[in-house]
1. As an exercise, use a Förster radius of 30 Å and the Cβ-Cβ distance of residue 131 and residue 189 to find the FRET efficiency, rounded to the nearest 0.05.
2. More than 22 Å apart: what percent of Cα pairs in the range 15-115 qualify?
3. In what sequence do 257, 201, 250 fall when counting other Cβ within 10 Å, fewest first?
4. For the chain, what is the mean residue ellipticity at 222 nm derived from helices alone (per DSSP H run of n ≥ 4: -39500 (n - 2.57); sum divided by total residues; nearest 500 deg cm²/dmol)?
5. Using 1/(1 + (r/R0)^6) with R0 = 35 angstrom and r between the beta carbons of residue 293 and residue 176, what's the FRET efficiency to the nearest 0.05?
6. Take the chain, connect every pair of alpha-carbon atoms lying under 10 Å apart with a spring to form a Gaussian network, then pick out the residue of 101, 243, 36 with the largest mean-square fluctuation.
7. Starting from the Cα gyration tensor of the range 145-192, take the square roots of the eigenvalues, sort them a ≥ b ≥ c, and report rounded, prolate or oblate (rounded when a/c is under 1.5, otherwise prolate if a/b is larger than b/c, else oblate).
8. Which one, 16, 174, 214, has the greatest fluctuation when you compute a Gaussian network model over the chain with C-alpha springs under 10 angstrom?
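What follows draws every value from the coordinates through simple rules; no lab data is involved. Everything quoted here is computed from the prediction, not taken from an experiment. FYI the Cβ positions are ideal-geometry reconstructions off the backbone, even for glycines, and counts take in every protein chain you see.
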């Protein structure tokens, strides 16, 4: 195994990391659109790109498309910004396949969602992540979001997992600051705590978090990066001001199932050619689309 097994804490695992959308055109992955988005984030100061997560519609990508998107993101980034490849699955062998591919493709780390639908026990969760960690020489960030997966990864389970050298942190989307505080207390500073909820980024930073894997950063990457940077520099007043400025926009990103609103917004803003979604996701309702337009206009993101 290489030195990645003992690199904790990763000094770069901080700041505004974007849960990157997968742009589609005529039903296929839009290669030029993805390259354009990577350039946008490099320009706007995003710390890391996270392709093939929930926001990247990994659930409806074929295996070939999944690997293609990871490879294209790494190639487009050209080492200018870190890439954390989404490689999770409810099938341990499939997650291991994607993680090994990400390692071979040159990803800086992998993001592993806890197995969904299976509803494993805490011991099953531990064994799932341990198996992948022991079989892939890549830093791993775990992803806890019980609202999607049906099972919460308990702080005590994270405490066990944090002892595995290349499990380096967690994207926490439980919505519970109490749980996040317990994870931070049990796992210590060597285990990075990342916000998985845009609306909670500032509070998570306040309890010892190092950054966010953000949906909102898809449309205002510079603003999200500036908020986290302001907190890191001790300018709490500025960080708080940006937090409240972003709050209505962040809420609008979740008026329907993610990533429906953010891809719709990006289409309206001409950041992607079309707000293409794959079934079972579908276009926004007329009422919510009107609400989204109003919010985007209030931020002068569209006319």
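1. On the way: r = 26 Å, r/R0 = 0.87.
It comes to 0.70.
2. Values: 1033 of 5050 pairs.
In whole percent, the share of Cα-Cα pairs in the range 15-115 beyond 22 Å is 20.
3. Numbers: 257 14, 201 29, 250 21.
Final ranking by Cβ density, sparse to dense: 257, 250, 201.
4. On the way: 12 runs with 136 residues, N = 303.
About -13500 deg cm²/dmol.
5. Details: r = 33 Å, r/R0 = 0.93.
Plugging the Cβ-Cβ distance into 1/(1 + (r/R0)^6) gives 0.60.
6. Maximum fluctuation in the GNM of the chain, among the listed residues, is at 36.
7. Working: a/c = 2.01, a/b = 1.48, b/c = 1.36.
Prolate.
8. Comparing 16, 174, 214 in the GNM, the peak value goes to 174.
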